[in-house]
1. Can you pull out the residues in region 88-120 that are in a helix (DSSP H, G or I), closer than 27 Å to V15 by Cβ, of a type outside the set (S, T, N, Q) and more than 15 Å from the chain's Cα centre (by Cα)?
2. I'd like to verify a number: residues in region 375-393 that are part of a loop (DSSP other than H, G, I, E, B) and either touching a helix residue (DSSP H, G or I) at 6+ places or on another chain (Cβ under 8 Å) or not assigned by TED's automatic domain parsing to the domain that holds F254 (or both), how many?
3. Among the numbered conditions (1) over 20 Å from the mean Cα position of the chain (by Cα); (2) surrounded by 24 or more Cβ atoms within 10 Å (Cβ to Cβ), tell me where V185 comes up short.
4. Report, by residue number, each residue of region 188-210 that is over 30 Å from the mean Cα position of the chain (by Cα) and among the basic types (K, R).
5. Which condition does V419 not pass, out of (1) exposed (fewer than 12 other Cβ atoms within 10 Å of the Cβ); (2) under 28 Å from R244 (Cβ atoms); (3) at pLDDT below 80; (4) of a type in the set (A, V, I, L, M), if it passes all the others?
6. What strands (runs of 3 or more DSSP E), lying completely within region 269-374, carry at least 1 residues that are free of Cβ contacts under 8 Å to residues at least 40 places away in the same chain?
7. Please verify whether region 144-156 includes one or more residues that are part of a strand (DSSP E or B), touching a residue at least 12 places away in the same chain (Cβ under 8 Å) and out of contact with any Ser or Thr (no Cβ under 6 Å at 6 or more places or on another chain).
8. Could you run through region 56-86 and say how many residues are part of a helix (DSSP H, G or I) and either farther than 14 Å from N12 by Cα or free of Cβ contacts under 8 Å to residues at least 40 places away in the same chain (or both)?
Amino acid sequence: MAPVFALVDCNNFYVSCERVFNPQLVGKPVIVLSNNDGCAVARSNEAKALGIKMGVPLYQIKEIIKKNNVQVYSSNYALYGDMSQRVMQTLTQFSSEMEIYSIDEAFLDLSDSKGLGFTEYGRNLKNRVEKWTGIPVSVGIAKTKTLAKLAGRLAKKSKKANGVLDLSSSKYLDRALESVEIGDVWGVGRRYAGFLRSKGIKNALQFRDADDNLIRTKMGIVGLRLLNELRGISCYPLELSPPRKKSITVSRTFKKEIESPAELLEAVAAYVSSGAEKLRREKLGSGVLIVYVMTNRFKDDYYYNSVTIKLPVQTNNTAELIGYAQEGLKKIYKKGVQYKKAGILLNDLGSEAMVQANFFDTVDRARAKKLMQAVDTINFTMGSGAIQYGAVGLARNQNWKTAFNLRSKAYTTQWDHLVEVL
């Protein structure tokens, strides 16, 4: 049986999460900001209508915000992550095969759906997700993942589609392809879009009907696969088991510039703790740790430096990694410099069950593993950061911490933030 895919996309996801727990925001312009309350990374349709662009810095739109009473929120990743999980759990009711593509998108295999037409199936899916989670979604259905992406985009914009569009056997497929600008085709990208426009290929329909040799010459096998996907030939199956990470990166821009080596160590220790937790979640160990620091790149005395540390044994032990990060930081720290950002990279990842021991290793690995399991259990049960290493620091208002001055409550993950009904 030929595959049929559904792309389920949460509408203005971050904003929708805020509206679930604050219904007074419905119908009002709302934006959600990036780390340190810098730029708009999510906008309600009402905010978009005011001309607020994706990624615009907050300071550039202060007049629009004031004039139109735009509601502004800091990113609340704990809330968004938990709401995403609820949406994905709901989607498992509709298909046994699902690929979680991003925090707010998932592909489903509808090949085995029985008894209903795909549009009705998509409508039922959309209604249930909204009823169970409060999150509005759009559903695009087609014979390939690329076409499903395209259908989902149109479903979100079309009043007639009302959030669900089935292009799996539609006589309007050509018209749909013609309405999608070439730069908006999934997988084309900005660089290839410029090339295609220079060849007179301005929309998805013209791309589908383009000469194979032209596309192969510039875009290679990736371009040919995109052509086939637009022609209804599936080249990208569902990724039911996400590929193992090749590296893990944790970095932040400080809310204030810092000079103190103690403060810098606190920041790096916090990033190492986060990275190590991610390693353990993926059941991985790291064999290489990279630490880097940098100043404000817009200043004349810009400084950047990094150090690469080859670990004697692959590990996900937070204490061990913090120790190596501390030694590495001493090598790249420059006195008198105002640092704006720091980060860590964990490379050479491998399964924690396949770690090769070192004859000279002095760490009690069994004991360390039990300790990390205990720490993770406490933090999962009591909330992130309930227990942490002293190297991260104990002060509440540290200069290196990311600013979230307008963040809503953690409604779903902290007891004292539960919604009160009066």
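1. Matches in region 88-120: L91 only.
2. The qualifying residues number 7.
3. Result: V185 passes all but (1).
4. K199
5. Here V419 clears every test but (2).
6. 304-315
7. For region 144-156, residues part of a strand (DSSP E or B), touching a residue at least 12 places away in the same chain (Cβ under 8 Å) and out of contact with any Ser or Thr (no Cβ under 6 Å at 6 or more places or on another chain): absent.
8. Selection size over region 56-86: 18.
The values are calculated or read from the model by the stated rules, or taken from the named source; none is laboratory data. Owing to the predicted nature of the structure, the values given are computational and were not obtained by experimental measurement. In this analysis, Cβ positions are derived from the backbone assuming ideal geometry, glycine residues included, and neighbour counts consider all displayed protein chains.
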